[in-house]
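Taken together, the values in this text are just the output of simple stated rules run on the coordinates, not laboratory data. If you're wondering where the values come from, they're calculated on a predicted model, not measured in any experiment. FYI the Cβ positions are ideal-geometry reconstructions off the backbone, even for glycines, and counts take in every protein chain you see.
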Amino acid sequence: IVNSYEYNYQNFSGTTGVIYDVTKNIRITANLGTAWRAPAVNELYSDGLHHGAAAIEIGDTSLVPEKSWNAIVSAMLFDHNRFAIEISGYYNLINDFIYLKPVLPPTLTIRGAFPTYRYEQADATLKGIDAMVRYHLTAHTELHVRADIVRAFNEEANDFLQMMPADHFEYGATINLPEWKKTKSNHLMVSVNQVLKQYRVPDEADYVAPPSGYVLLNAEAGTILTFGKQAIHLSLTVTNLLNTSYRDYL
């Protein structure tokens, strides 16, 4: 049996914003916008085993487009020779937000039991803060701290949304090295990524509890080689330098 579906999606998107320089070292920006997204093919028609995820996904042909209303406010405080601070807060109201919801118990097949997920929709709010601080400790040394925090809520179920990133922090130091022969922008960077445990999940809504938080040590070395007017950017990055065992919530 072949089922035929016809869809006709149409909507509008728009954004408006303002930038205001309070002083030469303080800037405030604000944006308001609206956007939409039509359901993807897999969200509509999935109906079986997703081999890449080893899970069964079930779509819904009755899904309608998502519609979002967004507000973002940012404040920047900077001294070009010493430091820069940027904090952004956002609030998104999304009607008919499409998400994967775990279906318990798992589906039992002749090949074994597979976790099962179904695409569903609900009105949701996503809000959070992104922050970055950069500080030149010396002429050649820069420190930075970054934070990414999001809170997502299912308004219809009056509960948290599944599969949202946990709070993430990054602490790093960059040393800018002197130029040597045909190289420039030589630098060494060491950073620490800290990811907290995700506690904001619905009760008994997934197959396993969220994993513990973890800390990763990373390092990077980079340079720019110049040959006449040609520049070649080279970098070497090592992530998880201490070979830490961890599992990300997503």
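Of the peptides 93-105, 27-39, how do they stack up when ordered by the mean number of other Cβ atoms within 10 Å, highest first?
The peptides rank, most packed first, as 93-105, 27-39.
Among Asp206, Asp79, Asp167, determine the one that fluctuates most according to a GNM of the chain built with springs between C-alpha atoms less than 10 Å apart.
Asp79
Separation between the His51 and Leu137 pseudo-spin-labels, each 7 Å from Cα along Cα→Cβ, expressed in nm?
Placing both labels 7 Å along Cα→Cβ, they lie 5.0 nm apart.
Need one number: the % of Cα-Cα pairs in the stretch 1-80 sitting beyond the 16 Å mark.
On the way: 2200 of 3160 pairs.
Distances greater than 16 Å cover 70 percent of the Cα pairs.
Along each principal axis of its Cα atoms, how long is the stretch 47-107 end to end? Whole angstroms, biggest number first, please.
The Cα atoms of the stretch 47-107 stretch 59, 26, 18 Å along the principal axes, largest first.
Where nothing but the Cβ of Lys and Arg (+1) and of Asp and Glu (-1) is charged, how large is the charge dipole of the stretch 120-199 around its Cα centre, in debye to the nearest 20? Please report the intermediate quantities before stating the final value.
Values: 8 positive and 11 negative charges, 165 e Å.
So the dipole magnitude of the stretch 120-199 works out to roughly 800 debye.
Excluding Val190 itself, calculate the net charge of residues whose Cβ lies under 12 Å from the Cβ of Val190, where each Lys or Arg counts +1 and each Asp or Glu counts -1.
Working: positive: none; negative: Glu142, Glu170, Glu220.
Neighbour charge sum, excluding Val190 itself: -3.
If you place +1 on the Cβ of every Lys and Arg and -1 on the Cβ of every Asp and Glu, how big does the dipole about the Cα centre of the stretch 1-100 come out, in debye to the nearest 20?
On the way: 5 positive and 10 negative charges, 118 e Å.
Its charge dipole is roughly 560 debye.
Search the structure for amide H atoms under 5 Å from the amide H of Arg151, placed 1.01 Å from N in the peptide plane, and list their residues when 5 or more places away or on another chain.
Hits under the 5 Å cutoff: Lys127, Gly128.
Cα convex hull of the stretch 200-250: mean projected area in nm², to one decimal?
On the way: hull surface 24.0 nm².
Its average projected convex-hull area is 6.0 nm².
Determine the relative contact order of the stretch 112-207: mean sequence separation of Cα pairs under 8 Å and six or more apart, normalised by residue count, in whole percent.
Values: 163 pairs, mean separation 22.1, N = 96.
Over the stretch 112-207, the number comes to 23 percent.
Please report the Cα spread of the stretch 154-250 along all three principal axes, rounded to whole Å, starting with the longest.
Over the stretch 154-250, Cα extents along the principal axes are 62, 29, 19 Å.
Full-extension gain between Ile28 and Met163, please, as 0.36 nm times their residue separation minus the C-alpha to C-alpha distance. Before the final figure, lay out each step's value.
On the way: separation 135, 0.36 × 135 = 48.60 nm, distance 3.18 nm.
Working it through step by step, the gained length comes to 45.4 nm.
Determine the shape class of the stretch 95-142: with a ≥ b ≥ c the square roots of the Cα gyration tensor eigenvalues, call it rounded for a/c under 1.5, and otherwise prolate if a/b is greater than b/c, oblate otherwise. Can you show the working numbers first?
Values: a/c = 7.27, a/b = 2.23, b/c = 3.27.
The shape class here is oblate.
Could you estimate the translational diffusion coefficient of the chain from the Stokes-Einstein equation, with Rh from the Kirkwood formula over C-alpha pairs, at 25 °C and 0.890 mPa s, in whole µm²/s? Write down the numbers at each step before the final one.
Numbers: Rh = 22.2 Å.
It comes out at roughly 110 µm²/s.
Could you work out the relative contact order of the stretch 145-194, using alpha carbon pairs under 8 angstrom and six or more residues apart, expressed as a whole percent?
Details: 68 pairs, mean separation 16.2, N = 50.
The value is 32 percent.
How big is the charge dipole of the chain about its Cα centre, in debye rounded to the nearest 20, if each Lys and Arg gets +1 on its Cβ and each Asp and Glu gets -1 on its Cβ? The partial results should precede the final answer.
Working: 19 positive and 26 negative charges, 256 e Å.
In total the dipole reaches around 1220 debye.
Could you check the spin-label model distance between Asp79 and Thr239? Points 7 Å from the Cα along Cα→Cβ, value in nm.
Here the modelled spin labels are 3.5 nm apart.
Net charge within 13 Å of Glu156 by Cβ-Cβ distance, Lys/Arg positive one each and Asp/Glu negative one each, not counting Glu156 itself? Can you show the working numbers first?
On the way: positive: Lys101; negative: Asp96, Glu120, Asp123, Glu155, Asp159.
Once all neighbours under 13 Å are counted, the net charge is -4.
Test of understanding: express the Cα radius of gyration of the stretch 25-139 as a ratio to 2.2 N^0.38 Å, with N the residue count.
Numbers: Rg = 21.4 Å, N = 115, 2.2 N^0.38 = 13.4 Å.
So the Cα radius of gyration is 1.60 times the expected 2.2 N^0.38 Å.
What trypsin sites (Lys or Arg not before Pro) in the stretch 164-250 are in a loop by DSSP, with at most 10 other Cβ atoms within 10 Å of the Cβ?
On the way: sites: Lys181, Lys182, Lys184, Lys197, Arg200, Lys229, Arg247; in loops: Lys181, Lys182, Lys197, Arg200, Lys229, Arg247.
Answer by residue number: Lys181, Lys229, Arg247.
Please tell me the relative contact order of the chain in percent, rounded to the nearest whole number, where contacts are Cα pairs under 8 Å and at least six residues apart.
On the way: 582 pairs, mean separation 27.8, N = 250.
About 11 percent, as a whole number.
Taking the Cβ of Pro39 as the centre, find all other residues whose Cβ is under 10 Å away and add up their charges (Lys, Arg: +1; Asp, Glu: -1).
Numbers: positive: Arg37; negative: Glu43, Asp60, Glu66, Asp96.
Residues close to Pro39 contribute a combined charge of -3.
Starting from the Cα-Cα distance between Gln10 and Val145, subtract it from 0.36 nm times their residue separation and give me the gain in nm to one decimal.
Values: separation 135, 0.36 × 135 = 48.60 nm, distance 4.18 nm.
Here the segment from Gln10 to Val145 would lengthen by 44.4 nm.
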